[in-house]
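Trainee: Mind looking over this structure? Questions follow.
The values are calculated or read from the model by the stated rules, or taken from the named source; none is laboratory data. Fair warning: this is a prediction, and the values are worked out from it, not measured in the lab. Every residue, glycine as well, gets a Cβ built from its backbone with ideal geometry; the counts of neighbours run over all protein chains shown. Heavy atoms of the whole protein, side chains included, go into the accessibility calculation; ligands, DNA and RNA do not. Shrake-Rupley method; radii C 1.70, N 1.55, O 1.52, S 1.80 Å.
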Amino acid sequence: MERKIQITEDGSATIYIPAMDETYHSRHGAIQEARHVFLKHGIASVSSNSVTVFELGFGTGLNALLTYQFGEKKHSIDYLCIEAYPVEKQLIDSLNYLDEVGEEYGSIFGRMHTSKWGESVALSDRFTFTKIHEKIASYVPKKDSIDIVYFDAFGPRAQGAMWELSVLEKMHLMLRPGGILVTYCAMGQFKRDLKSLGFTVIGKPGPPGKREMTVAVKTI
C-alpha cells in the first residue's frame, strides 16, 4: 500500500494513503488534533496517578509520544497499542514531530518504533510501552484492564469494519467501570452503538476543522 508524507495545516506531518484518500491525522493539524482529542479530553481528564491506556491504531506513534511527554511528570502510564499494518521506518524517519515536541524525545520516539512486538518495554520509570502486532478482529482483550481507550482507527468511510459493534464490544469489555473511550469521530450510528453497549456518550467540541468529537464513559 502506497503511503506518502503530507504536511498538515499546523505544520506537523501526517501520512496520506492515496488508495483510500485517507490521512493518519487531521489535515487541519496532526499535533493539535492529537492534543485536543487524546490529551485534553483523554488522559488529562483522569485524576488517578496510575493510568493504563489502550490505543487502537499505533500508526505514526504520535499519540504515544505526546502521551509520554504529557504524562512524564503527572502519571505512571502503562501504554498498550495495537497495529496490524506498521508504518515503514523510512516514513517514520521523515516525520517532523520532534520539531514541536522537542528533540530530547527523539530517543523515546525511536524506541517506540524499534521495540519488539509483544514485549513490554520500560521507556522510563513511569512509562511502560507494549506494541501488539495483530488485527483487532482476532485480539482477545483482558476484561476490566484499561482506563482509557484512544480509538484512532481510520474513519468509518475508509475502514468501516473498525467501527462495527463487535469491535466496540471489545473496547467495552477491556475498559474498567468508569473508564473512557475518546475519539475524533461523532457519527450518529457510532454513538448509538456505544450507548447500546452501556456507555454514556458525551459530545465535546472537536479539534480545528471538526465540529464535534466523542467521549464515552463505561457506566454499565
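Trainee: Those residues that are polar (S, T, N, Q) and either out of contact with any Asp or Glu (no Cβ under 8 Å at 6 or more places or on another chain) or free of Cβ contacts under 8 Å to residues at least 24 places away in the same chain (or both), I need them from region 128-158; list them, please.
Mentor: First pass over region 128-158, keeping only residues polar (S, T, N, Q): 128, 130, 138, 145.
Result: 138, 145.
Trainee: On to the next question. Can you name the residue in region 170-200 that is part of a strand (DSSP E or B) and open to solvent by less than 30 Å² (accessible area, probe 1.4 Å) and, of all such residues, is farthest from residue 34 (Cα to Cα)? It would help to see each step written out before you state the result.
Mentor: First, pick out the residues of region 170-200 that are part of a strand (DSSP E or B): 175-183, 199-200.
From what's left, open to solvent by less than 30 Å² (accessible area, probe 1.4 Å): 175, 179-183, 199.
On the way: 175: 21, 179: 19, 180: 16, 181: 14, 182: 11, 183: 10, 199: 22 Å.
So, considering only residues that are part of a strand (DSSP E or B) and open to solvent by less than 30 Å² (accessible area, probe 1.4 Å), the one farthest from residue 34 (Cα to Cα) is 199.
Trainee: Within region 95-110, how many residues turn out to be free of Cβ contacts under 8 Å to residues at least 60 places away in the same chain and touching a strand residue (DSSP E or B) at 6+ places or on another chain (Cβ under 6 Å)?
Mentor: The total comes to 1.
Trainee: Do the conditions hold for residue 110, that is, is it small (Gly, Ala, Ser) and in a helix (DSSP H, G or I)?
Mentor: Spelling it out, residue 110 is indeed small (Gly, Ala, Ser) and in a helix (DSSP H, G or I).
Trainee: Still on this structure, please answer the following. Which condition does residue 74 not pass, out of (1) at pLDDT 95 or above; (2) within 25 Å of residue 120 (Cα to Cα); (3) among the basic types (Lys, Arg), if it passes all the others?
Mentor: For residue 74, the failing item is (1).
Trainee: Only one of these is open to solvent by 20 Å² or more (accessible area, probe 1.4 Å), without any contact (Cβ under 8 Å) to a residue 40 or more places away in the chain, touching a strand residue (DSSP E or B) at 6+ places or on another chain (Cβ under 9 Å) and farther than 25 Å from residue 135 by Cβ: 50, 45. Name it.
Mentor: 50
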